[in-house]
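Trainee: So that we are looking at the same thing, I have put the structure below in structure tokens.
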Amino acid sequence: MSQYSAPRGTEDLLPEQIPLFDHVLETCRKVLEQYAYLEIRPPLFEETSLFVRSLGEVTDVVEKEMFTCQRGDTSVTFRPEATASVVRAYLQNHLDKTRPFRKLYYIGPMFRFERPQAARQRQFHQVGIEAIGSHDPRLDAEVIHVAATCVEALGIQGFTVHMNSIGNAEDRVHYKDALKSFLEPQIQQYCKDCQRRYERNIFRVLDCKERECKKRNTDAPAFLDVLCEESATHFAEVQQALGALNREFEIDKGIIRGLDYYTHTVFEIRLPSLGARDTIVGGGRYDGLIEEMGGQSTPAIGFSLGVTGVLLAMGKQGLAEEHLGEPPCPVYVASLGEEDRASAFVLAEGLRRAGLTVDLDFEGRRIKPQLRQAAKRGARVVLIIGEDERARQVVQVKDMEHSEQIELPNDGDLPTEIQRILERDRREDQ
RNA sequence: GUGGCUAUAGCUCAGGUGGUUAGAGCACCAGAUUGUGGUUCUGGGGGUCGGCGGUUCAAGUCCGCUUAGCCACCCCA
């Protein structure tokens, strides 16, 4: 074993895992493009201050989870999430000037310096969308629905959609006051964690899992009680629009979200079977962020889906197996003697030029091991070339599936003949 | 950042109370009348027992530290 291992919280995706990983990304991509979202690819790192500004200085992500790199005067940070980058790109490239309403999506790795856990890594992939430039409640519904549709498209069962509204900035101030006066007289009765949350991030007291705290929270004021009329109406319309899409959801007044930029609609998709870390999609509206970052006041909403959690869920639900495994090499060229290797080498290249996927032995194996290797690699057709074949300008063509072997001239028609064998099953199936 | 559990071959794991050259299954490689796969049989390679240090005549086995993984907390995709 090498003395080196992948950095903590990272992993190598090996050839046999790539098809599964790509299947997840491509399935999501297909859904997003159906809803007319267009891909954007910002860089993987940004100026550190971009994240500090957008996520909020006192958030955990900024305080202790950033991968930051100092070079002289410049400080850059590997993106812990993509919303900030997408908004930055939206403004920098003047997308707001040319066509203010944009539906964008991204797929790629994110980085957070956290302690690894189930469904949590330091480098992880997210698939996400950002719909910028509209406050239309139907857009909120679409975004939530698209997230759920991605999860569905992967075949994952048992997920639930939870949402809440945390209103605008003023609503939040009102709510904080209301919550404070509810908790203050009884905070001593709450668990130790909640007492700390009360000081640090009072909203989080609401999603404590302790039975006693939970019971007390049932009487707590909800955001929904203090929303101004406009916010309340918006939220009601989001629900109505979700209904129109036949998308089931639960109102969950405990959903607060950890990043400062969220407003109004916030939502999560959860998969309880995953264990402690069961949120696979998180998202919400961020109507204040674009202005905060120097643009015009522009409403927006988005989500991000964690690929790690999705893969875990697919594994547990038996959806991963069929996508695992190296792609087969359909054609293999075997050679008999040492003198035949050069011919095999050239023959393989000719077939590749004709569009076939071909490999041959580079380990000096004899014929038998070559056949074994070909079978293991999933070859449907093996070409065998020996002294006799060379002299007569032919090759042995073996159909591995049917154990049939025929002799064919080694000429320009060979690729077509091989193709015919490769397609044989398909025809027989019909 | 905090806590619990774990660490033996590529993989899954055996290795009572410390005691000779550390084992199995699978995988890998090779042979079974010398030009042919998937079955079978036979043989083979491969382990600094995560790393460092300690106790001991003797440590895979006991102790300490460290690293990594898993799980949970904080938080989060």
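The values are calculated or read from the model by the stated rules, or taken from the named source; none is laboratory data. None of the values given here were measured: they were computed from a predicted structure. Neighbour counts run over all protein chains shown; Cβ positions are idealised from the backbone, glycine included. Only protein heavy atoms, including side chains, enter the accessible area calculation; ligands, DNA and RNA are left aside. Shrake-Rupley method; radii C 1.70, N 1.55, O 1.52, S 1.80 Å.
Trainee: Starting from 0.36 nm per residue, how many nanometres of slack lie between A:ASP359 and A:LYS64 once their C-alpha separation is accounted for? Provide the component values of the computation, followed by the final result.
Mentor: Details: separation 295, 0.36 × 295 = 106.20 nm, distance 4.89 nm.
This chain segment gains 101.3 nm when fully extended.
Trainee: Please report, in whole Å³, the volume per residue of the convex hull around the C-alpha atoms of chain A.
Mentor: Details: hull volume 92.7 nm³, N = 430.
With only Cα atoms used, chain A gives 216 Å³ per residue.
Trainee: Would you grab the residues whose amide H sits under 5 Å from the one on A:ALA334? Only those 5+ places off in sequence or on another chain, please, with H modelled 1.01 Å from N.
Mentor: A:LEU383, A:ILE384, A:ILE385
Trainee: Okay, moving on. Where does the stretch A:26-162 land on Rg/Rh, using Cα atoms and the Kirkwood Rh? Spell out each step's value before the answer.
Mentor: Values: Rg = 16.2 Å, Rh = 16.5 Å.
Expressed as Rg/Rh, it is 0.98.
Trainee: Between the alpha-carbon centers of the stretch A:99-161 and the stretch A:27-46, tell me the distance in whole angstrom.
Mentor: 10
Trainee: Please report the accessible area of A:PHE113 (heavy atoms, 1.4 Å probe, ligands and nucleic acids excluded) in Å², nearest 10.
Mentor: 100
Trainee: Compute a Gaussian network model of chain A, connecting alpha carbons closer than 10 Å, and tell me which residue from A:ALA222, A:ALA232, A:ALA354 fluctuates the most.
Mentor: Fluctuation is largest for A:ALA354.
Trainee: Another one. Listed highest first by mean packing, meaning other Cβ atoms within 10 Å per residue, what order do A:155-162, A:307-314, A:78-85 come in?
Mentor: Working: A:155-162: 15.8, A:307-314: 21.4, A:78-85: 23.1.
For the peptides A:155-162, A:307-314, A:78-85, the packing ranking is A:78-85, A:307-314, A:155-162.
Trainee: Based on the Kirkwood radius over alpha-carbon pairs, what is the Stokes-Einstein translational diffusion coefficient of the stretch A:304-347 at 10 °C with 1.306 mPa s viscosity, in µm²/s? Write out the running numbers ahead of the final one.
Mentor: On the way: Rh = 14.2 Å.
Calculated translational D: 112 µm²/s.
Trainee: A follow-up question, please. Between A:ALA236 and A:GLU57, 0.36 nm times their residue separation minus their Cα-Cα distance comes to what?
Mentor: Details: separation 179, 0.36 × 179 = 64.44 nm, distance 3.19 nm.
Fully extending the segment from A:ALA236 to A:GLU57 adds 61.3 nm.
Trainee: So how much slack lies between A:SER273 and A:GLU170, counting 0.36 nm per residue of separation and subtracting their Cα-Cα distance, in nm? Kindly include the intermediate steps, with their values, before the conclusion.
Mentor: On the way: separation 103, 0.36 × 103 = 37.08 nm, distance 3.69 nm.
Going from the current span to full extension adds 33.4 nm.
Trainee: Quick one: go through the stretch A:41-69 and flag any residue whose amide nitrogen is under 18 Å from the point 7 Å out along the Cα-to-Cβ line of A:GLU199.
Mentor: A:58-60
Trainee: Taking 7 Å along the Cα-to-C-beta vector as the label spot, tell me the A:LEU245-A:GLU11 distance in nanometres, rounded to one decimal.
Mentor: Going from the A:LEU245 label point to the A:GLU11 one covers 3.0 nm.
Trainee: Contact order normalised by length for chain A, with contacts defined as Cα pairs under 8 Å and 6 or more residues apart; what percent is it? Show your work: numbers first, answer last.
Mentor: On the way: 692 pairs, mean separation 67.2, N = 430.
That works out to 16 percent.
Trainee: How much accessible area per residue does chain A have, counting only protein heavy atoms and a probe of 1.4 Å, in square angstrom?
Mentor: Numbers: 22820 Å² over 430 residues.
On a per-residue basis, chain A sits at 53 Å².
Trainee: Let me ask another. Tell me the Rg and the Dmax, in Å, that the Cα atoms of the stretch A:331-420 produce.
Mentor: Looking at the stretch A:331-420, its Cα Rg and Dmax stand at 11.6, 30 Å.
Trainee: With a cut-off of 8 Å between alpha carbons and a minimum separation of six or more residues, what is the relative contact order of the stretch A:331-420 in percent? Mind dumping the intermediate values first?
Mentor: Numbers: 128 pairs, mean separation 26.4, N = 90.
After rounding, I find 29 percent.
Trainee: Relative contact order for the stretch A:133-279: what percent, with Cα pairs under 8 Å and sequence separation of 6 or more?
Mentor: Taking the mean separation of contacting Cα pairs over the length of the stretch A:133-279, I get 45 percent.
Trainee: In terms of Cα to Cα distance under 29 Å, which lysines are near enough to A:LYS368, apart from those fewer than 8 places away along the same chain?
Mentor: Filter leaves A:LYS376, A:LYS398.
Trainee: Which residues' amide hydrogens lie under 5 Å from the amide hydrogen of A:GLY108, considering only partners 5 or more residues apart or on another chain, with H built in the peptide plane?
Mentor: Amide H neighbours of A:GLY108: A:GLN126.
Trainee: When the accessible area of chain A is split by element with a 1.4 Å probe, what percent falls to carbon and sulfur? Before the final figure, lay out each step's value.
Mentor: Values: 10890 of 22820 Å².
In chain A, the share of accessible area belonging to carbon and sulfur is 48 percent.
Trainee: Considering only Cα-Cα distances, which of the following residue pairs are longer than 18 Å: A:LYS253/A:LYS316; A:LYS30/A:LYS97; A:LYS215/A:LYS253? Could the numbers behind the result be given before it?
Mentor: Working: A:LYS253/A:LYS316 29 Å; A:LYS30/A:LYS97 28 Å; A:LYS215/A:LYS253 14 Å.
Table pairs above 18 Å Cα-Cα are A:LYS253/A:LYS316; A:LYS30/A:LYS97.
Trainee: Measure out, as a whole number of angstrom, how far apart the alpha-carbon centroids of the stretch A:207-224 and the stretch A:245-263 sit.
Mentor: 16
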